[in-house]
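Just below is one structure, and these are the notes that go with it.
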Amino acid sequence: MTVSNVQKARILLPTPQNLDRAAQAIRDGGVVAMPTETVYGLAGDVFQMDALTRIFRSKERPAFDPLIVHVSRRILDGGLLALNGSKLVNTPALSKLAWQNAERLIQRFWPGPLTLVLPKMEDVPDLATAGMPTVAIRMPRHPVAQALLDRCGSPLAAPSANRFGHISPTLPGHVMEELGDRIDWILDGGPCEIGLESTVISIEPEGQVALLRPGGIPQIDIEMVVSAPLGIPSRGPSVTNIPSLASPGMTESHYAPSKPFFLLPGPVNGLVVAQLPELVQSSLVGLLTVSGSTDAAIENWRKLTGRTPVIVRTLSPGGNLTEAARALFSTLRELDHSAADILVSEPCLSDEGLGHAIADRLRRASAKFATRSSGKSR
Ligand code: TXA
Ligand code: MG
């Protein structure tokens with residue numbers, strides 16, 4: 001698509017009048033960026049082809065990557081039957097265990113950052129699900145997303161409001177940077193509370209639950225509800241940039257800054273110079289650390305490289321992984337805009353809480369450079 005660089009989007013406070021305007025635009029087949037508790041999404045009516053086409057074109061998203069459908073909390077009382085009534089989920093196709101697990105997860109985690117992949121009804125356009133027989137659904141808990149859903153009266157397809165493969169937006173200004181030249185409105189809901197995307201799980205035909213994307217709800221919390229370890233989806237996740245059949249959007253390279261970004265094999269104070277990408281020797285480096293003191297990180301970097309110029313950003317000095325997740329994408333974006341020539345990050349070594357999701361995002365954000373630590377950039 002041809003796009004100009006003129007920023008035409010407007011950031012709107014979520015007043016009742018602005019919510020009414022946004023809802024009207026969506027009813028007319030348009031798209032609006034909305035805040036959710038995870039990241040900002042680009043929302044359009046899932047049952048309108050014009051809206052779906054606009055979403056894919058604005059994001060430059062490949063058609064193989066299906067969208068998540070967002071539903072109003074008004075349907076919470078009705079559970080799965082209400083999702084059937086909304087023409088989304090083919091409930092008769094569910095086995096007894098699938099039904100039981102889905103209901104339990106809905107009651108426990110909705111509204112919130114959990115996306116369920118379930119058999120779809122024919123009414124859901126193939127464009128939204130990339131031709132898959134399933135549909136991904138979530139009920140966001142951000143009050144502005146809920147207010148918009150209630151006004152629209154239709155489920156909203158909403159991928160993260162960034163260009164395909166880029167860092168996800170957690171502030172209205174991030175959406176402006178990504179899509180400001182190609183959408184009209186961004187609803188301002190402030191900084192996102194969780195800061196990375198929802199956990200995506202599929203309810204497999206026999207009822208087992210499989211993890212497709214780690215995210216805002218830790219795996220262990222889901223396992224406690226279904227009383228079983230999460231399985232691997234029927235088709236395994238991708239290991240290259242070729243999409244997996246289980247979750248086509250889980251490409252290996254994703255959430256990427258524009259500068260070369262390398263994931264270090266361990267904390268800086270345990271490394272030797274030979275483990276660093278060669279580019280580090282001749283560059284101003286932006287170093288991302290997950291926890292610990294920033295001064296100590298600068299000192300460790302000096303000891304390791306003997307070079308002084310480094311810009312360090314720490315996600316959570318106290319090692320709180322909820323805080324680290326909240327800061328992750330905005331800090332990556334900040335380093336990407338800094339004077340640094342290349343970016344490196346310590347890995348997230350904790351599997352507790354949101355540690356798994358942070359580790360996943362860091363790995364994918366640096367995937368383009370994963371095998372190139374010998375020094376060649378793009
Ligand atoms: O937190 C979130 O989930 C955010 C906010 C805006 O709600 N949305 C989001 O959407 O992260 P997106 O489009 O960036 O990621 C959707 C993910 C992709 O990995 C896609 O492959 C997967 O969900 N997905 C969607 N439908 C699917 C399906 N039917 N089967 C398997 N995976 C599916
Ligand atoms: Mg995304």
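No value in this document is a laboratory result; all are computed from the given coordinates. Since we're looking at a predicted model, the values are computed, not measured. We place every Cβ from the backbone using ideal geometry, glycine too, and count neighbours over all the protein chains shown.
Quick one: 3J(HN,Hα) in Hz for the stretch 66-72, Karplus 6.51/-1.76/1.60 with θ = phi - 60°, rounded, Gly and Pro as x.
Here the 3J(HN,Hα) series is x, 9, 8, 9, 9, 10, 6 Hz.
Beyond a 24 Å Cα-Cα separation, which of these cross-linked pairs lie in this structure: Lys8/Lys59; Lys59/Lys87; Lys59/Lys368; Lys96/Lys120? Walk me through the numbers on the way to the answer.
Values: Lys8/Lys59 16 Å; Lys59/Lys87 26 Å; Lys59/Lys368 20 Å; Lys96/Lys120 17 Å.
Beyond 24 Å between Cα atoms: Lys59/Lys87.
Among Thr15, Thr322, Thr199, which one moves the most in a GNM of the chain with springs linking Cα atoms closer than 10 Å?
Thr15
Could you give the nm distance between label points at Ser95 and Leu284, where each point is 7 Å from its Cα heading toward the beta carbon?
The modelled label-to-label distance comes out at 5.8 nm.
Local charge sum around Gly29 (other residues, Cβ-Cβ under 9 Å, Lys/Arg +1, Asp/Glu -1)? Mind dumping the intermediate values first?
Values: positive: Arg27, Arg54; negative: Asp28, Asp45, Asp50.
Cβ neighbours under 9 Å give a net charge of -1.
Provide the net charge surrounding His166, with neighbours chosen by a C-beta distance below 13 Å and charges set as Lys +1, Arg +1, Asp -1, Glu -1.
Working: positive: Lys59, Arg61, Arg163, Lys259, Arg333, Arg361, Arg364, Lys368; negative: Glu60, Glu177, Glu178, Asp336.
Residues near His166 contribute +4 overall.
Net charge near Arg313: determine it from the other residues with C-beta under 12 Å of the C-beta of Arg313, scoring Lys and Arg +1 and Asp and Glu -1. Present the calculation step by step, with values, prior to reporting the outcome.
Values: positive: Arg333; negative: Glu334, Asp336, Glu346.
It works out to a net charge of -2.
Compute the distance in nm between two label points, each set 7 Å from the Cα along the Cα-to-Cβ direction, one at Ile232 and one at Glu122.
3.6
Between Lys8 and Asp77, what is the FRET efficiency for a Förster distance of 35 Å, r being their Cβ-Cβ separation, to the nearest 0.05? Please report the intermediate quantities before stating the final value.
Details: r = 40 Å, r/R0 = 1.16.
Efficiency, rounded to the nearest 0.05: 0.30.
What is the distance in Å between the Cα centroid of the stretch 304-343 and that of the stretch 92-145?
Using only Cα atoms to place each centre, the spacing works out to 35 Å.
Just to be sure I understand the model, the point goes 7 Å from the Cα along the line to the Cβ. What's the resulting Val272 to Arg57 distance in nm?
Calculated label separation equals 5.6 nm.
At a Förster radius of 51 Å, what calculated FRET efficiency corresponds to the Cβ-Cβ distance of Asp341 and Asp221, to the nearest 0.05?
The calculated FRET efficiency here is 0.80.
Does anything in the stretch 50-66 have its amide N under 18 Å from the 7 Å Cα→Cβ label point of Lys87, and if so which residues?
50-53
Amide H of Lys120: which non-local residues (sequence gap of 5 or more, or other chain) have their own amide H closer than 5 Å, using H built in the peptide plane?
Asn90, Thr134, Val135
May I ask you to sort Lys8, Lys259 by Cβ crowding, counting other Cβ atoms within 10 Å and putting the fewest first?
Numbers: Lys8 10, Lys259 18.
Ordered from fewest to most neighbouring Cβ atoms within 10 Å, Lys8, Lys259 come out as Lys8, Lys259.
Which one of Met139, Gly286, Ala102 has its Cα pushed farthest toward the positive end of the charge dipole of the chain, where Lys and Arg give +1 and Asp and Glu give -1 at the Cβ?
Selected residue: Gly286.
What are the residues whose amide H is under 5 Å from the amide H of Ala43, where those residues sit 5 or more places off or on another chain and H is modelled from the backbone?
Residues meeting the amide H criterion: Val32, Ala33, Met34.
Using a Gaussian network model of the chain with C-alpha springs under 10 Å, which one of Gln107, Gln146, Gln208 is most mobile by mean-square fluctuation?
Gln107
Once R0 is set to 30 Å, what does the formula 1/(1 + (r/R0)^6) return for the Cβ-Cβ distance between Asp351 and Phe64, expressed as a FRET efficiency to the nearest 0.05? All intermediate terms of the calculation are to be shown ahead of the outcome.
Working: r = 30 Å, r/R0 = 1.01.
After rounding, the FRET efficiency stands at 0.50.
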